[in-house]
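Below: one structure, written as structure tokens.
Quick note: the coordinates plus some simple rules give every number you see, no bench work behind them. If you're wondering where the values come from, they're calculated on a predicted model, not measured in any experiment. Cβ: placed from backbone, ideal geometry, glycine included. Neighbour counts: every protein chain shown.
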4 protein chains.
Amino acid sequence: MNKDSVIMDQNELTDFLAAEFPQVQGEYSIDRVAAMEIDVRLNVQDRHLRPGGTISGPSMFSLADVSMYLAVLAMIGPKALTVTTSANLDFMRKPVSGRDLIAKCRILKLGRVLAVGEVHLYSEGSANCVARAAMTYSIPPK
Amino acid sequence: MNKDSVIMDQNELTDFLAAEFPQVQGEYSIDRVAAMEIDVRLNVQDRHLRPGGTISGPSMFSLADVSMYLAVLAMIGPKALTVTTSANLDFMRKPVSGRDLIAKCRILKLGRVLAVGEVHLYSEGSANCVARAAMTYSIPPK
Amino acid sequence: MNKDSVIMDQNELTDFLAAEFPQVQGEYSIDRVAAMEIDVRLNVQDRHLRPGGTISGPSMFSLADVSMYLAVLAMIGPKALTVTTSANLDFMRKPVSGRDLIAKCRILKLGRVLAVGEVHLYSEGSANCVARAAMTYSIPPK
Amino acid sequence: MNKDSVIMDQNELTDFLAAEFPQVQGEYSIDRVAAMEIDVRLNVQDRHLRPGGTISGPSMFSLADVSMYLAVLAMIGPKALTVTTSANLDFMRKPVSGRDLIAKCRILKLGRVLAVGEVHLYSEGSANCVARAAMTYSIPPK
């Protein structure tokens, strides 16, 4: 496994997501892909909000989760059975109202059976971290 | 705050959920409420599944999150602005196919500003824990 | 792997700990061992305390960590290279002054490569949970 | 609270640590302090090691914990009663043998009652992350 380059690019990941997860059609956009890194955007809609206008915890979890999933697939190829084994999140600030939410994900360890990464979520255009996540994924055997 | 009895019962929590979160209508049922404890059911539907037929991570996060939210409201009353501040989950087993998922939530600490709880998720009728979560909620000032 | 019985009992685990971790001599006692469960006692001494008289975070982490380690070894035998891969802790209450700290550990999943467990810490004689931990251990290949 | 500058510098933090935590004398060095950031070194000794020669989980927890503690005190001043409320760690790689361990800590949120930060641990001279931690501290009222 080469950790210096991706084997799925932005278009391939976008097509994979549309094919495998049609139920989230239009919800996420891949803004940037690089070796061991990805930026994914949540196109915030009413259904992501909860009382008080903040983005719901599940919506933030989903964004962190899909970001790590796509970051791993970019490195290992289209293995849909790659699954989350653990997640840890701190929700720190109310997102800026009316803005998309951007996940910046970085893989810290890409092992043979486990991948560990971290994700920081930001309201578009803001430098304040809205939420922080650590995600572990299990990689299926070949 | 009396920790020996609830101030919202099963019907009141069900009505609150329907009124405040109409977008999850029919998704969750409250099976049991007691002081510092609640059991909540995810009525599993196709949209909760992911490739391979397992229940998605976000669906399990949402179930753990709503369980802790309802467990806290049962004790403190209908404060919709109570929000998740942190979450930690281990996803351990594939749920049993075709079964509902049951969250058993217990509040470990109900403080003035923070509530800490744990949640275990089971496929209905199975004693094997599918996922474990710890959730912290921030309680709004009076 | 039989999950209904231990293959190391209380005496064997105590001897193992003394032989492999002489630096913690006298610090921990194993109160009870059962299949997938263990109770371990921290014999609280001055060096475990921090300003304000509370038991330090590292002392509580160590107790949770050693408890899960011993719970796993009880099931799989004396594999010293079994290592922690992740930990999550909530510190909820100040322990009762002058009391030992008791860890009650339960293995939730004992897989081929990973073991996941949870630990609750109590001041001896108190029903209030001082801290909660989830620990994941990596099991070395045979 | 000004988030652009520290109110305790490297010397003041070093003196504070020596005065309040004499039991860790010589164990930690503060390599760098800046607004919302700190680098702390674990001067690795035999007692930090475990079978197999790796640095023990408790030693890594302690380093992450003291780093976040000092990062917070640098911003708010010498409040010894500031305590850890939660911690999450992933242990990812065996540290390089015979090298000190460096914690790079960053505060992500410095609120009125809670501070949330993240810590990455590296063997000195290596770019591979040995462990990742998220720590939450409770700040005592004035």
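Any chance you could check the Cα centroid distance between the stretch B:14-63 and the stretch D:1-59 for me, in angstrom?
Distance between centres, Cα-based: 44 Å.
Determine how many Å³ per residue the convex hull of the Cα atoms of the protein assembly as shown encloses. Walk me through the numbers before you get to the answer.
Working: hull volume 86.2 nm³, N = 568.
Convex hull of Cα atoms, per residue: 152 Å³.
For B:Lys94, list the aspartates and glutamates whose Cα falls under 15 Å from its own Cα; do not include residues on the same chain fewer than 8 positions away.
B:Glu124
Between the alpha-carbon centers of the stretch D:74-142 and the stretch B:64-140, tell me the distance in whole angstrom.
27 Å
Sequence neighbours fewer than 8 away in the same chain don't count; with that in mind, list the aspartates and glutamates whose C-alpha is under 14 Å from A:Lys3.
A:Glu37
What relative contact order, as a whole-number percentage, does chain D give when Cα pairs under 8 Å and 6 or more residues apart are counted? If you can, show how the numbers build up before the last one.
On the way: 293 pairs, mean separation 34.6, N = 142.
Result for chain D is 24 percent.
Ordered shortest first, which distances in nm separate the 7 Å Cα→C-beta label point of B:Gly125 from those of the other copies?
The projected label point of B:Gly125 is separated from its counterparts by 4.8, 5.4, 6.2 nm.
Taking a label point 7 Å out from Cα toward Cβ, give me the nm distances from A:Leu49 to the same spot in the other copies, shortest first, one decimal.
3.3, 5.3, 5.9
How many percent of all Cα-Cα pairs in chain C sit more than 23 Å apart? Numbers along the way, then the final one.
On the way: 2936 of 10011 pairs.
Looking at chain C, the distances longer than 23 Å represent 29 percent of pairs.
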